[in-house]
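We did not get these values from a lab; they are worked out from the coordinates using the rules stated. What you see is a predicted model; the values in this text were computed from it and never measured. Please note: Cβ atoms are built from the backbone with ideal geometry, for glycine as well, and neighbour counts cover all protein chains shown.
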Amino acid sequence: MTTDYLKSVAESNQWWALGPEIMLACAALGLLVMEIILPKKDHRFIPFVAIVAQAMVLLTVILNFQTIWLGENLFGGLIKLSPWGQVARVFFLVSSLLVSFLGTICLPRTKLPRVEFYHIVMVVTAAMMLLVHSNHFVMFFVALETVTIGFYILVSYFRDNALTLEAGLKYLVLGALSSAIMLFGIVLLYGAVGKVSLNGITHTGFEFEVLHDFLRHHPDNFLAIAGALLVVGGVAFKIGAFPFQIWIPDVYQGAPTPVTAFLAVSSKAAGFAVLLTLVNQVFTPLAGVLVPVLSLLAAATIIMGNLAALTQRNTKRLMGLSGISHAGYLLIGVVASFTVPWATSAVWFYLCTYLLASMAVFGVMAYLTGPDDTDQTLDHYEHLAKQHPFLGGVLAVGVGSLAGIPPLAGFMGKLLLFIVAFQAELYPLLAIAIGGVVLSIYYYFGWIKSAYFEAWRPAATAPTAAPQFAITIPSLGGKLILGLLALATLLLGCYPGPLSHWLPF
Amino acid sequence: MNSLHAQLLQLAIATPLVAALIIAGGLPKRFAVKLAGVAFVVPALIAAWLWQQFPAEGGATYHYLSNMDTGLGRFGITLKLGLNGIALPLFLLAATVGLAAGLYALRSGAERLKLYLMLLLIMQGGLLGVFASVDIFFFYFFHELALIPTFIMVGIWGGRDRNYAAMKMTIYLTAGALLSLLGLIAIYVKSGAQSFDLIELKAALAHQGLAPTAQKYIFGLLLFGFGTLVSLWPLHTWAPLGYGAAPSSAAMLHAGVLKKFGLYGLIQIALPLLPAGAQTWAWQLALLAGIGNVLVIGFITLAQRDLKQMLGYSSVMHMGYCFLGISCLSAIGTGGVVLLMVAHGLSVALLFMLATSVHHRTHTFDLAEMGGLAQKTPVLAACFVAGTMASIGLPAFANFWGELAIFVALWKFSPGLTAVAVAGVVISAIYGLRAVARIFFGPPSEHLQQVMAQHPPADLGWGERLPALILLAALLWLGFYPQALSRSIDQALPVGLASVSAGSVTVSPVQP
Amino acid sequence: MANLLFYFFASLALVSAVLVVVSKNPVNAALGLLLSLVGVAGLFVLLNAALLAFVLLLVYAGAVVALFLFIIMLLDTRPEQQKPFQRMTLIAATLGGALLVVGVLSLNQRAVLTVGGAPGTGPTLKHYAEQLFTTYLLPVQLVGFLLLIAMLGVIVLSKKSDQAEEGS
Amino acid sequence: MIVDLPHYLLLSAVLFVLGFFGVLLRKNTLVIYMCLELMLIAATIALAAFSHFNDTLDGNVFVFFILTIAAAEVAVGLAIIVALFRKRGTVQVEALNHLRH
């Protein structure tokens, strides 16, 4: 290994390109330091420091949206920034900001350490950003495992609650299983490619470009196909696609509400970002195998998610099960991206609308949970609209957007996905998706119904024994954030221009 | 001048929506009621003015066009508004029924009146938008905007079974809307026009239409999607239930106007863009509508004992005539459908409103209990009788011309179905007149006598009389002077259809 | 000689892995895991990766298995009762297993294995160091954070409740 | 018969399948966790073998990372198992059925 080579490697280590991730990690470390040096009574400021720090990082990313490193291989090919990666950065930061906000609502109810929560959320977010940027399977796996292990801790964070720990253990076992499967797939891909020498430098099947090149010339290499399928299976676990959806309802129910939101939004988006990268940049030559597999997955996911959600009364499980069906719709977009290039934009647009709507709903849920975070059913929502019109309104907007009702953003997301699916001529999948949307109207409507309609019984039949549940009254900041989410959902549905210009269609 | 009219058109749609926003912003109730009243009147005035200014020979093209960017220009989605000869009558209908329903709601004294008015205003804005949209994406968008308040209103202010009714309506109508949305997307993708603009779609498909198989499938999607929304048998079951439970103003707007969305879509979009598809489905549609909607539902209507249920079923039945008219695929039939849509919208809104007025006085919808109301409330009785006669299709009312044109077209298409349709008129005459007899004449039940003794029924007050008179006047005016609308309708009918019935009489009947 | 060693280590790894899967007593399972690791470490040596073998024994045998044993003793779990498996579990296991067996067999039958050049002499510690601190510097940093959050997580999950922060 | 890449691969695959079976069939979460470790180790055998026979170092380096990650995973996993044991007094899978509605 010559000095020249080392020099070139050192030069490609452009740490500035990873500024946001590094800032986030340093801020996370700073929180720990603050916990040590600050007196105990000042610890309550730490969450706000975390939120401000994340907002600063978000601002940095937005200001440097068109960075000079776009499309270049950095860190010796480990990292490659792409326009989608930039979108993902913003997405993950917005999401983690909102999760931290939810944390400030939920964590004070417990007697648990708090700073660690924000620390882990920030590290996991940075790891997700690296995951989306990674261009090399070693980087990919390390980032993915950082995210996964972070989630093991976060899911079981409320360790006073046996149900939370049970959810944590379930997530742990199934997550580790999926990681092992994915690892084996990566190994097979590495083995299939073997050794490639270019310009005197050795390359391996870990590198995405090399792998893509290899697959283009050997699209029927059995080892590679098996590896690709195993890797896609591992990602399917993260997004909760069939048949890896079994963990979702239990884990969503058991996890603390902010973590459920984090899982539902960031983890799922990371899964889709990775899947899109893999499908569009690495496994493209394997379309003959992957398209049928992914189509079947999408169909089964939509059907399973919606059918299971129909009779669900626990709202966190409902969010999980309906989230499965959303993953199914998104998978249609992924399948379509083989033939229609702008499908990637449609998927991201959908994810953005999903972020806004889900976070609004989880925000309301966070205010409604009592001491037991895992037990929240539709019955708790009775009288909500009457007693707390604001929370009721936010809930209606969020749930309506998830159901895809115009003029809310979710409708535009679904519309774009349907157009994409039509252009890709995926008619059977479209039919299933339509059926799924109709089913989803049933349970989403049930939610709205319990929040709005039951409460307004005529006075004669009023005395119902509906138990009253503790509702945390939103602070002004909380109201502002939830109101902004609802407003953004509404505006994006009526005038989707800004986001559609911003996404690199 | 034209740009001024285009702005007026925008203003007509925006007024109710903005008013709804202002009321949502926390306007005190006193002002909210006044604002709502203004917001219902303004579109009606604008609609009348636009109709008056509509060029005599210009029905074939769109007028008052305006275009607004939505940020989705790259998908060919822009907010493009305008009216042609078919859209104009329905726009007028929406404005008129909206005015009547709004005025009725102002005086209805409903609980949570502000929310009620707000939802009604959103509905009104959506309805006006539906018929003024040239862009088929916004055509759909406005429909949903008007549809959502319906569910909420049924869910909150509904009568018996409101939860079940709201749920069933939501699922059926959303499923229908999604199917038709798929059809619209299919047209967009397959036409290659890269635009949702109906004018551009027509231009793109004028040279070379879609392949016949594609047309067949897309027309099928639109037919059953729109069909569900218009209560095509056997997808109609939401309608009687929903109308039975809906509060009066919502039922007026939905049954009177919103339901016409599906028929309007078939006539304005499906027939001109997918002529071959229409050919393949014509007979199936005619049979479903003729046997199902007219005969089966006709007999079911005969068996109804509940006034509101009966009205709901009769509205389903009358939609059968509209479908029959469409399935003829002739200019005269389609023109008749447009006229009947307007006429039926007016008459069914009138009847739903008066049914609620009857309920206020008798506290029941049960036909068997009622009786003798004619002496106590003569104006109500007169209006109800007039509405029933219009609904049956007697001459002097607008419905007559629509049904007549449809029958003429149907005769050429299938004499057998014409016989069925005429039998349907007899059926509707039986149940209509029987209901009038039960409510207003003959002795009431003992229970009702007690109720009326305690609360002597008053005749229609101005809050009810004014909307009723508006609707009745429109029905009569169109009954005596159908040319007011039929000329522009004729000009706008799809070119392809004119050739089917080349040389046939126009819809305009002889001068009265 | 190398062949013999391969078969010895491979069978050691396999047999003790079977022991992990079937033994009723978790302690036996842990010991099986330990033996299996020894076998794998031997294989690593055969593959010219003595350093990996060393790390494997150090990290896994020394830390992980010890941790497992420690926890087993701490929790004092009784040996598993032999309960009949649920039918669904059995079906799923059979299906999954059959799929995997088919996969494994076809892997060996149909795989086109590219073998690039003769295996050279084993990499030295220096080679690893060069790789880890140049090309793979970023993942190394990331793994540092991973270990940090793992540590924090263990603390959060195991700290006694009364030591936790009071709500302020 | 020369021991070659396919031998290592077969061994690795069989170990992987064994671990997978263990995860599916065992009831004790601790043992399940050991089986998961077995699966990871199986993958590293294949990785080291590929690395050796292709004469590339990257696979071996990846093994380093995998071992580190696995150790972290075990630490967190065991912490969760212990915490749950404190609450429920068992580590059997059947006890994990309280999340149902």
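Comparing A:Y329, A:I448, A:L484 along the charge dipole axis of chain A, the residue lying farthest to the positive side is A:I448, per the Cβ-charge model. Note on A:K414: aspartates and glutamates with a C-alpha under 18 Å away, same-chain residues under 8 apart excluded, are A:E425, B:E144. Residue by residue, the range B:119-126 carries 3J(HN,Hα) couplings of 5, 5, 5, 4, 4, 5, x, x Hz when phi is fed to the Karplus relation 6.51 cos²θ - 1.76 cosθ + 1.60 (θ = phi - 60°); x denotes Gly or Pro. Summing Cβ point charges (Lys, Arg +1; Asp, Glu -1) relative to the Cα centre of the range A:12-502 gives a dipole of roughly 720 debye.
Close amide H partners of B:K80, meaning residues 5 or more places away or on another chain with modelled amide H under 5 Å apart, are B:M68, B:V134, B:D135. Karplus-based coupling profile of the range B:240-253, in residue order and whole Hz: x, 4, x, 5, x, 8, 5, x, 4, 5, 5, 5, 4, 5, with θ = phi - 60° in 6.51 cos²θ - 1.76 cosθ + 1.60 and x standing for Gly or Pro.
Between beta-carbons, use under 9 Å as the cut-off and find the net charge around A:T110, counting Lys and Arg +1, Asp and Glu -1.
Details: positive: A:R109, A:K111, A:R114; negative: A:D160, A:D373.
Summing Lys and Arg as +1 and Asp and Glu as -1 gives +1.
Sorted ascending by nearby beta carbons within 10 Å, beginning with the fewest, A:C494, B:C328, A:C106 become A:C494, A:C106, B:C328. Here the range A:230-272 and the range B:65-97 have alpha carbon centers that stand 43 Å from each other. Using a ≥ b ≥ c from the Cα gyration tensor of the range C:1-80 (square roots of the eigenvalues), is it rounded, prolate or oblate, where a/c under 1.5 gives rounded and otherwise the larger of a/b and b/c decides, a/b for prolate? The shape class here is oblate. Net charge dipole, the range B:2-498: roughly 480 debye, given to the nearest 20, about the Cα centre with Cβ charges of +1 for Lys and Arg and -1 for Asp and Glu. Each part gets one Cα centre, and for the range A:199-219 versus the range A:369-384 those centres are 53 Å apart.
The three principal axes of the Cα atoms in the protein assembly as shown give end-to-end lengths of 113, 66, 58 Å, sorted in falling order. When the Cα positions of A:L263, A:F206, B:L99 are compared along the charge dipole of the protein assembly as shown, B:L99 comes out farthest toward the positive end, with charges on each C-beta of Lys, Arg, Asp and Glu. Quantify how much of the Cα-Cα distance distribution of chain A extends past 31 Å, in percent. Everything past 31 Å amounts to 43 percent. Using only DSSP helix segments of four residues or longer, with each worth -39500 (n - 2.57), what per-residue ellipticity at 222 nm results for chain B after dividing by its residue count and rounding to 500? One gets -23500 deg cm²/dmol as the mean residue ellipticity at 222 nm. Approximating the spin labels as points 7 Å out from Cα along Cα→Cβ, the A:K386-to-A:K40 distance works out to 4.5 nm.
Here the Karplus curve 6.51 cos²θ - 1.76 cosθ + 1.60, taken at θ = phi - 60°, turns the phi angles of the range B:286-296 into couplings of 4, 5, 4, 5, x, 6, x, 5, 7, 6, 4 Hz, with x standing for Gly and Pro. Distances between placed amide hydrogens fall under 5 Å for A:E207 paired with A:F137, all partners being 5 or more residues away or on another chain. Excluding same-chain neighbours fewer than eight residues apart, the lysines reachable from C:K159 by a Cα-Cα span under 27 Å are A:K40, A:K41, A:K111, A:K170, D:K87. The ranking of D:S12, B:S330, B:S445, B:S191 from fewest to most other beta carbons within 10 Å of each one's beta carbon is B:S445, B:S191, B:S330, D:S12. Distant-in-sequence amide contacts of B:D306, defined by a placed amide H-H separation under 5 Å and a gap of 5 or more residues or a different chain, comprise B:L367.
Counting neighbouring Cβ atoms within 10 Å and putting the fewest first, the residues A:S267, A:S134 line up as A:S267, A:S134. Toward the positive end of the charge dipole of the range D:5-91, with +1 on the Cβ of Lys and Arg and -1 on the Cβ of Asp and Glu, the farthest Cα among D:N60, D:V17, D:C35 is that of D:C35. Within a straight-line Cα-Cα reach of under 20 Å, B:K376 cannot be paired with any lysines, leaving aside sequence neighbours fewer than 8 residues apart in one chain. Measuring between their Cα centroids, the range B:321-376 and the range A:285-351 lie 45 Å from each other.
The Cα atoms of the range D:5-91 cover 51, 24, 9 Å along the three principal axes, with the biggest extent listed first. Tell me what chain A gives for mean residue ellipticity at 222 nm when only DSSP H runs of n ≥ 4 count, each as -39,500 (n - 2.57), the sum divided by the residue total, rounded to 500 deg cm²/dmol. Estimated from H runs of four or more residues: -23000 deg cm²/dmol.
Report the net charge of residues surrounding C:T135, where surrounding means a beta-carbon distance below 12 angstrom and charges are Lys +1, Arg +1, Asp -1, Glu -1. Around C:T135, the charge tally is -3. Rounded to the nearest 10 degrees, the angle from helix A:115-133 to the longest Cα principal axis of chain A is 40 degrees. Relative to the longest principal axis of the Cα atoms of chain A, the long axis of helix A:208-217 lies at roughly 70 degrees. Computed from label points 7 Å out along Cα-Cβ, the spacing between B:A303 and C:T94 is 5.1 nm.
Report, in debye and to the nearest 20, how large the dipole of the protein assembly as shown comes out about its Cα centre when Lys and Arg carry +1 and Asp and Glu carry -1 on their Cβ. Computed charge dipole of the protein assembly as shown: roughly 2340 debye. Net charge of the neighbourhood of A:L189, taken over other residues with C-beta under 15 Å away and scored Lys/Arg +1, Asp/Glu -1, is -3.
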